Amino acid sequence: MGEDEIEAGHRQELRRGTVGLACLLRLRTPDYGYALLESLGADGIDVDANTLYPLLRRLEKQGLVTSEWSTGEARPRKFYRTSHEGDRLARVLTDDWHRLDAALRGLIERGES
Amino acid sequence: MTTPTLTDRYLFAAARSVPETQRTEFRSELAERIGDSIDAKVDAGADREAAELDVLTELGNPDALAAAYADRPLQLIGPAHYLLWKRLLRLLLAIVLPCVAFAYVLGQLISGAGIGEIYGGTVVVLINVTVHLAFWTTAVFAFIDRVSGGKSVLEWKPEELPVVVEPPRNQLRLDVVSNLVLIVLTALVILVGPGLIPSPDGAGPVPFFEPATWAWLQWYLLAVLVAQLVFWLLLLRHGRWSYRFVFASLVLAAAAALPIAATLAGGTLVNPEFLARTDWTDAVEQLGSQGPVASVLAVSVVAVAAVWPIDGFVKARRARQEEIAR
């Protein structure tokens, strides 16, 4: 395994948990899969389509997002929206994120001083 | 009817493996994803057909994609049960295969099959048994893995940790004493044993061993036993196993086994008169010169003699390693 592969593996590991939270936060405004993929990318959250689509399906199965088919456009599209339960989880995860950020900041500063 | 596009074929292939209740929904979702992805590529200036091909290639194997969507495992036995499966299968094979081989060879010998036939038959039987054992064990484990949802059915507890085995300090003395007891018992059996075997039909005593052979063999075996006795006493004085002692024990084992095996195979160990008076009708033929049962027994005796020094070899190697470590 090359150095690049190791680095890529760790970066992917680090990002993995954030994608679910990003989806829950972003889907407080309803949207469909491809638009979500684009807008997350534009917001600086790089996520692979092969990760995102199955993730949406899982979130729906867990009741964290709800969905509705919109037939008004060129092709039927499934619009997802964060549910009550999903909103509650997003707040818990956000708190965790802040805690982790603070902890890592502490470690980084201590390393620099 | 229009010809199905590549996308239609992909949708069909992927939806096939999804449970019926979710199929329509899954199909629509996937159609949306593929359609949007192609549109994006076309908007970026690609040719529609090339874009379709590109998108489907990126999606990959439809069965794998469907499994990822449905959160289905893509392995037969997951990490929760793999180790248990491996241990059990190994254990089963290690126990069952030798037993089957032995039983089959013995059965064929008794029914008078030729060596070539026995050899071929044993290979076939062993392959069959291996395939069956592996298949059914794996099938049961795959079932357990599916039903349990990938969670281990057996919880691991610290009590399962193996006991750290340290050989007792006086291991050698224990070995020597138990072997001396064994030697004395064997000598007693050789001296008194044959006289205690009752006559098979109750009509007057008949010696079990061929008298002409036994006349020299019993003294020969007693001499080997005395040599064994000396061997163990020397080992006790030396204090630990070494490869020289392993070699000596191999020589002694061979010295005891070879004459027994040779007379067995040659049909001169067991008294034919004794055999003729048993209920076993073809006993003389089976146990006589070149008799199949006699051959099996002779081979077994040699095998035991060959295995005998292994314990000593292991101990000698350990002693050697300890010496190097020090």
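The values are calculated or read from the model by the stated rules, or taken from the named source; none is laboratory data. This is a predicted model, so every value here is computed, not measured. Note that each Cβ is placed from the backbone with ideal geometry, even for glycine, and that neighbours are counted across all protein chains shown. Each accessible area value is taken on the protein alone, full model and side chains, heavy atoms only, with ligands, DNA and RNA left out. Shrake-Rupley method; radii C 1.70, N 1.55, O 1.52, S 1.80 Å.
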Original post:
Can you tell me which residue in the stretch B:55-93 is farthest from the chain's Cα centre (by Cα), limited to those that are more than 14 Å from chain A (Cβ to nearest Cβ), of a type outside the set (Val, Ile, Thr) and part of a loop (DSSP other than H, G, I, E, B)?
Top reply: B:Gln75
Original post:
From the list A:Glu85, A:Glu38, which one is under 23 Å from B:Leu65 (Cβ atoms) and out of contact with any Asp or Glu (no Cβ under 8 Å at 6 or more places or on another chain)?
Top reply: A:Glu38
Original post:
Restricting to helices (runs of 4 or more DSSP H) lying wholly in the stretch A:4-113: which have 3 or more residues that are within 11 Å of the chain's Cα centre (by Cα)?
Top reply: A:33-42, A:49-61
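Out of all the residues in the stretch B:101-121, is one or more more than 25 Å from B:Glu155 (Cα to Cα), β-branched (Val, Ile, Thr) and modelled with pLDDT of 85 or more? Even if it seems obvious, please write down each step before you answer.
If we filter the stretch B:101-121 for residues that are more than 25 Å from B:Glu155 (Cα to Cα), which is where we start, we get B:101-121.
Add one more test, that the residue is β-branched (Val, Ile, Thr), and what stays is B:105, B:110, B:115, B:118.
Keeping just the survivors that are modelled with pLDDT of 85 or more gives none.
No, the stretch B:101-121 contains no residue that is more than 25 Å from B:Glu155 (Cα to Cα), β-branched (Val, Ile, Thr) and modelled with pLDDT of 85 or more.
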Subject >> Neighbours by Cβ (under 8 Å, 6+ apart or cross-chain): first from the stretch A:71-92, under 13 Å from A:Leu56 (Cα atoms); second open to solvent by 50 Å² or more (accessible area, probe 1.4 Å) and in a loop (DSSP other than H, G, I, E, B) >> reply: A:Phe79/A:Pro30; A:Tyr80/A:Pro30; A:Arg81/A:Arg28; A:Arg81/A:Thr29; A:Arg81/A:Pro30; A:Thr82/A:Arg28
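From B:Val131, B:Val124, grab the single residue that is over 28 Å from B:Pro292 (Cβ atoms) and either at pLDDT 90 or above or in the same structural domain as B:Lys315 (by TED's automatic domain parsing) (or both). Give the derivation first.
Numbers: B:Val124 fails: over 28 Å from B:Pro292 (Cβ atoms).
The match here is B:Val131.
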**OP:** Give the residue that is farthest from A:Leu89 (Cα to Cα), with candidates limited to residues of the stretch A:7-32 that are hydroxyl-bearing (Ser, Thr, Tyr) and more than 14 Å from chain B (Cβ to nearest Cβ).
**Re:** A:Thr29
Subject >> Filtered residues of the stretch A:76-111 (kept if in contact with a Leu (Cβ under 9 Å, 6 or more places away or on another chain), open to solvent by 70 Å² or more (accessible area, probe 1.4 Å) and more than 15 Å from A:Leu27 (Cα to Cα)) >> reply: A:Trp97
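Take the residues of the stretch A:62-75 that are hydroxyl-bearing (Ser, Thr, Tyr) and open to solvent by less than 100 Å² (accessible area, probe 1.4 Å): which is farthest from B:Gly35 (Cα to Cα)? First the steps, then the outcome.
Quick first cut of the stretch A:62-75, residues hydroxyl-bearing (Ser, Thr, Tyr) only: A:66-67, A:70-71.
From the residues that got through so far, the ones that are open to solvent by less than 100 Å² (accessible area, probe 1.4 Å) too are A:66-67, A:70.
Details: A:Thr66: 22, A:Ser67: 19, A:Ser70: 15 Å.
Only one residue fits best here, namely A:Thr66.
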Original post:
Within the stretch A:33-61, can you find the residues that are open to solvent by 40 Å² or more (accessible area, probe 1.4 Å) and within 11 Å of chain B (Cβ to nearest Cβ)?
Top reply: A:Tyr34, A:Glu38, A:Asp48, A:Asn50, A:Thr51, A:Arg58, A:Glu60, A:Lys61
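Identify all residues within the stretch B:17-38 that are within 12 Å of chain A (Cβ to nearest Cβ) and either assigned to a loop (DSSP other than H, G, I, E, B) or open to solvent by 40 Å² or more (accessible area, probe 1.4 Å) (or both); write none if there are none. Write out each step before concluding.
Narrowing the stretch B:17-38 to residues within 12 Å of chain A (Cβ to nearest Cβ): B:18, B:22, B:24-38.
Across the stretch B:17-38, the qualifying residues are B:Val18, B:Gln22, B:Thr24, B:Glu25, B:Arg27, B:Ser28.
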